[in-house]
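Each remark here refers to the structure printed beneath this line.
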Amino acid sequence: MNEALKIDVVTLFPQMLDGFLGESMMKRAAEAGLVQFRTVNPRDFTTDKHNTTDDRPFGGGPGMVMKPEPLFAAIESIQTPESHVILLTPGGKTFQQADARRLADQHSHLIFVCGHYEGVDERVRETLIDEEISIGDYVLTNGVLAASVVIDAVVRLRPGVLGGGEMATEDESFSSGLLEYPQYTRPPEFRGMKVPEILFSGNHAKIEEWRRRKSLERTAERRPDLLGRRSEEEE
Ligand SMILES: C[S@@+](CC[C@H](N)C(=O)[O-])C[C@H]1O[C@@H](n2cnc3c(N)ncnc32)[C@H](O)[C@@H]1O
């Protein structure tokens, strides 16, 4: 059996993860021993009586910054030479399917560091972080939702997690640099809308060709940037 992927989330709000980790695919993956989730709260690593995790920014300005001491202590308590430490931040590289594939294939221990307030003290970023990820050009109140997005995309690519086996992830949007073709299921006609005839033909080569054409059409219409990226990669 494959070694379980260990995933630690460092956050001031561990309860935000309860619903996400306690349902559906994440729950089943953990129960099957394919992944091990843990949360670590920097507040448990504070040493003052108020359990302070944030402070005002040097140089002035609005908001609060997460202090380095509790974050260093929290991360160092779980870090090993195998750990890959990821900071969720709007300033990171925008997360793509290829990143999900790389993280699923190349690592055995992922540590997600979730910021809050104005973010984390720069010395945490400089010293402890291997990679910085943004999930898009917008600002969330803290990193837990962003970490959940990345965790979901990574865990479903680990061997054995999806019931349909490897095939279920090979065919879908972005894995080939294209959006997925339209999918239909029963009934063959619904409110006058018919499923394309070709899908009943049993001719797998023709179906494959139709799907490929639809993928290309859909990508050209909605995400022409993906086609540009593909041709750059092919050059
Ligand atoms: C309010 S945000 C801090 C924003 C920071 N002041 C800035 O302008 O870049 C608080 C935390 O939410 C998380 N976060 C917010 N937006 C994010 C995004 N688009 N991708 C990843 N993490 C995000 C990060 O962990 C961040 O430290």
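Determine, at each q value in 0.10 (inverse angstroms), the log₁₀ of I(q)/I(0) that the Debye formula gives when each Cα of the stretch 134-235 is one equal point scatterer. Debye intensities relative to I(0), on a log10 scale: -0.44.
For S134, nonlocal amide neighbours, meaning residues 5 or more places apart or on other chains whose placed amide H falls under 5 Å from its own, are T89, G92, K93, T94, F95. Derived scalar couplings between HN and Hα for the stretch 122-136 equal 4, 5, 5, 4, 5, 9, 10, 9, 8, 7, 10, 10, 10, 9, x Hz in order, rounded to whole Hz, by the Karplus curve 6.51 cos²θ - 1.76 cosθ + 1.60 (θ = phi - 60°), x for Gly and Pro.
Exposure here means at most 13 other Cβ atoms within 10 Å; with trypsin sites (Lys or Arg not before Pro) in a DSSP loop as sites, the longest stretch of the chain lacking them is 50-190. In plain terms, the C-alpha convex hull of the chain casts an average shadow of 17.9 nm² when viewed from every direction. Averaged over residues, the count of other Cβ atoms within 10 Å places the peptides 142-148, 172-178 in the sequence 142-148, 172-178, highest first.
3J(HN,Hα) along the stretch 207-212, derived from phi through the Karplus expression 6.51 cos²θ - 1.76 cosθ + 1.60 where θ = phi - 60°, amounts to 5, 4, 5, 4, 5, 4 Hz, with x in place of Gly and Pro.
Taking all Cα pairs closer than 8 Å and separated by 6 or more residues, the relative contact order of the stretch 5-155 comes to 30 percent. Evaluate the relative contact order of the stretch 89-235 (contact order divided by residue number), counting alpha-carbon pairs under 8 angstrom at least 6 apart; express in whole percent. Reported as a whole number, the value is 22 percent. The helix-based estimate of mean residue ellipticity at 222 nm for the chain, built from -39,500 (n - 2.57) per DSSP H run of four or more residues and divided by its residue count, is -10000 deg cm²/dmol to the nearest 500. Of the residues A153, A30, A220, the one that moves most in a GNM of the chain with alpha-carbon contacts below 10 Å is A220. Over all pairs of different C-alpha atoms, the stretch 46-177 has a mean inverse distance whose reciprocal, the Kirkwood radius, equals 16.3 Å. 3J(HN,Hα) couplings calculated from phi for the stretch 181-189 with the Karplus curve 6.51 cos²θ - 1.76 cosθ + 1.60 (θ = phi - 60°) are, in sequence order, 5, x, 10, 9, 9, 5, x, x, 9 Hz; Gly and Pro show x. Restricting to bridges with both residues inside the chain, how much of the DSSP beta-bridge set is antiparallel, in percent to the nearest 5? Roughly 15 percent of the DSSP beta bridges within the chain come out antiparallel.
Throughout, read-outs are computed from the coordinates displayed, never taken from laboratory work. No experiment lies behind these values; they were computed from the predicted model shown. Please note: Cβ atoms are built from the backbone with ideal geometry, for glycine as well, and neighbour counts cover all protein chains shown.
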